[in-house]
Amino acid sequence: MASTLSRRLRALRAQLLRRYEHRRFVSCLSGLYGCQWRRLERSGAQPGGCCCNKLLAVCLLSEGQKLHLHWSHKIGILVSLTFSVAATAVLSDLWSKEWRTLLLSFQVTAPYLHVGGVLTLTSLAWPVALHFFRMNSRVRRGLILVVYLSVLSALYLVPLGLYSPCIKEGGTLGPAPALISHRGAPMLAPENTLMSFEKAVEAGSDGLETDVTISFDGVPFLMHDHTLRRTTNVHQVFPNRTDTPAAMFTWTELESLNAGAWFLSHNPFGTAGSLGAEERRRAGNQSVCSMQVFLQLAARTHKLVIFDLYRPPRGHPYRDTWIQRTLDVIQNESSIQSSQVLWLPSDLRSLVREIDPGLRQTSGSRLPLEELHSQHIVKVNLHYSSMSMELIREYAAANITTNLYVISQPWLHSLAWCTGAHSVTTNAPQLLSTVTAPLFLMSPREYNLMWILTDLVSFLLILVILFFHWWRERRLAFCSGGKITMDNGTYSKFKTEMSDIWSVSSANSQTVTTLNPAAVTEH
């Protein structure tokens, strides 16, 4: 029993000391990186100098292989790097708000990104330790160790400066933001149609958002775009007026258009297929919705409304009276209460307050508190990229609530909730209404525990990896009777292969272990 256990321990020890060449794996990597698809052969030829950055071939270097990059690969790398830099510069300018979204995502996922970063750097301890103990130059050994430990220490301490609104003490989380449906429920029905707003009400929205334009004969109607091309069949009914501003059509002409068929054919959110046969038929027969019908729906269902109001183009009969005409519909042609209307247009705000002081004045810009108070603003409507807990708290302290638009992802809704936003405008009320608690929410105690355990486990694993490589390299050097070195700072194809053969003599029940010296392989 003891001899069997001893044999197994010796076999395990030999297995740990053995280095494998992974011939097929290395051959494949060599071909991919250097266009050298020849089968690896044992030879005494000295390898040439390394011709590319080690980061480009970490897999090959982990196997102790040199990189002989083909000239076409060198050109390809240069072109790729140039294109990447240029593309990043262009996208940074075009998608400046998207970069802000990325930074916001770091806030809500920061605790988990830290864990992932620590685990990644911990996994790199294996190749770092392997290369460290095979290096002959003390300067290079010290450099690789200092760089690795510096990055590791910085990552360990990142949580000291980490900020995430969703790390909160129990009981400090406020109520969920109210949901204001953006042009109705545009994932379930054509935007800015009666069906879309009815779907939004069914989904549990607290408010309805839209865009208002005034027809040539003075009927305010719902339309976001400057023209009718995208959301109606104007190209079929009025083929010569497809580029005409929507406000230059009469209400009779607008009523003759189909404002729903485009939703089924273009499927803007990829959700049209989820509609039943009856809903598809109804969606395909929607017409342009008037502001009066929209307000009546909000009045019946007791929903808040907020809208952008577009001034008609030059030559329009209501070019200078578009504010008064809109107010006339609110006051005299609908039964909605003024307190249900969040008045967003900034034009002639003083006149609007005089005509209807009951409207809830709303600003679409970040303004100083003094100016907001002077204009009697009770709500600010901001893009979600302006999200800031400090800003929201500053406004709240002055009795000004904050609405953020357009938020349709649960993680972004969770961040707005943790930040303290009072309401959000969304394309997905049917989705966000089902969110009962913020995603990634945790207490500071839970996060500290996760942080400390992650760093501790990582530190212990790195110590084990370093000790293992130190032990194995010392044993290999002893068994091979020499020292493993590097030439010109790049690993030679120097591999040690330990072959252990055990033969058991049945006569005397003794174990004889034959240990062959390591074989040096040069490719």
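By average Cβ neighbour count within 10 Å, what is the ranking of 453-461, 81-89, 266-274 from highest down?
Packing order, densest peptide first, comes out as 453-461, 266-274, 81-89.
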Next item on the list: Could you tell me which of rounded, prolate or oblate describes region 271-400, using a ≥ b ≥ c as the square roots of the eigenvalues of the alpha-carbon gyration tensor, with rounded for a/c under 1.5 and, failing that, prolate when a/b is larger than b/c and oblate otherwise?
Entry: oblate
Checklist line | For region 197-206, 3J(HN,Hα) per residue [Karplus equation, 6.51 cos²θ - 1.76 cosθ + 1.60, θ = phi - 60°, Hz, x = Gly/Pro] | finding: 6, 5, 5, 5, 5, 4, 6, x, 5, 8
Margin query: For Ser215, what residues show an amide H to amide H distance below 5 Å, using hydrogens built from the backbone and excluding near sequence neighbours?
Written below: Phe221
Note to self: If you roll a 1.4 angstrom probe over the protein chains with everything in place, what fraction of the accessible area of region 284-437 belongs to carbon and sulfur, to the nearest %?
What the structure shows: 47 percent
Notebook entry, point to check: Nearest 0.05, what FRET efficiency do Ser105 and Ala2 give at R0 = 56 Å with Cβ-Cβ as r?
Noted result: 0.40
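Assuming a ≥ b ≥ c are the square roots of the Cα gyration tensor eigenvalues, decide whether region 344-426 counts as rounded (a/c under 1.5), prolate (otherwise, with a/b larger than b/c) or oblate. All intermediate terms of the calculation are to be shown ahead of the outcome.
Values: a/c = 2.60, a/b = 1.80, b/c = 1.44.
Prolate.
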Item checked: Three-way shape call for region 176-312 based on the alpha-carbon gyration tensor, with the a/c threshold at 1.5 -> oblate
Notebook entry, point to check: What number comes out for the charge environment of Ile167, summing +1 per Lys or Arg and -1 per Asp or Glu over other residues with Cβ under 12 Å away?
Noted result: 0
Note to self: Give me, ordered by chain and number, the residues 5 or more places off Leu208 or on other chains with an amide H under 5 Å from its own placed amide H.
What the structure shows: Ser181, Leu304, Val305, Ile306
Next item on the list: Calculate one ³J(HN,Hα) per residue across region 357-362 by plugging θ = phi - 60° into the Karplus curve 6.51 cos²θ - 1.76 cosθ + 1.60, and present them in order as whole Hz with x for glycine and proline.
Entry: x, x, 5, 8, 5, 10
Next item on the list: Specify the inter-centroid distance of region 352-422 and region 263-291, based on alpha-carbon positions, in whole Å.
Entry: 32 Å
Next item on the list: Starting from the Cα of Asn285, step 7 Å along the direction of its Cβ; do the same at Arg353; then give the gap between the two resulting points in nm.
Entry: 4.8 nm
Next item on the list: Could you pull out which residues in region 224-240 have an amide N less than 17 Å from a spot 7 Å beyond the Cα of Ser256, following the Cα-Cβ vector?
Entry: 228-229, 232-240
Note to self: From the phi angles alone, apply the Karplus equation (6.51, -1.76, 1.60; θ = phi - 60°) to region 219-228 and give each ³J(HN,Hα) in whole Hz, x where the residue is Gly or Pro.
What the structure shows: 9, x, 9, 9, 7, 7, 6, 5, 10, 9
Next item on the list: Report the local net charge at His376: Lys and Arg +1, Asp and Glu -1, summed over other residues whose C-beta lies under 13 Å from its C-beta.
Entry: 0
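The values are calculated or read from the model by the stated rules, or taken from the named source; none is laboratory data. Keep in mind the model is a prediction, meaning the values are calculated, not measured. Virtual Cβ from ideal backbone geometry, glycine too; neighbours counted across all protein chains shown. Remember, those area values only see protein heavy atoms, side chains included, never the ligands or the DNA or RNA. Shrake-Rupley method; radii C 1.70, N 1.55, O 1.52, S 1.80 Å.
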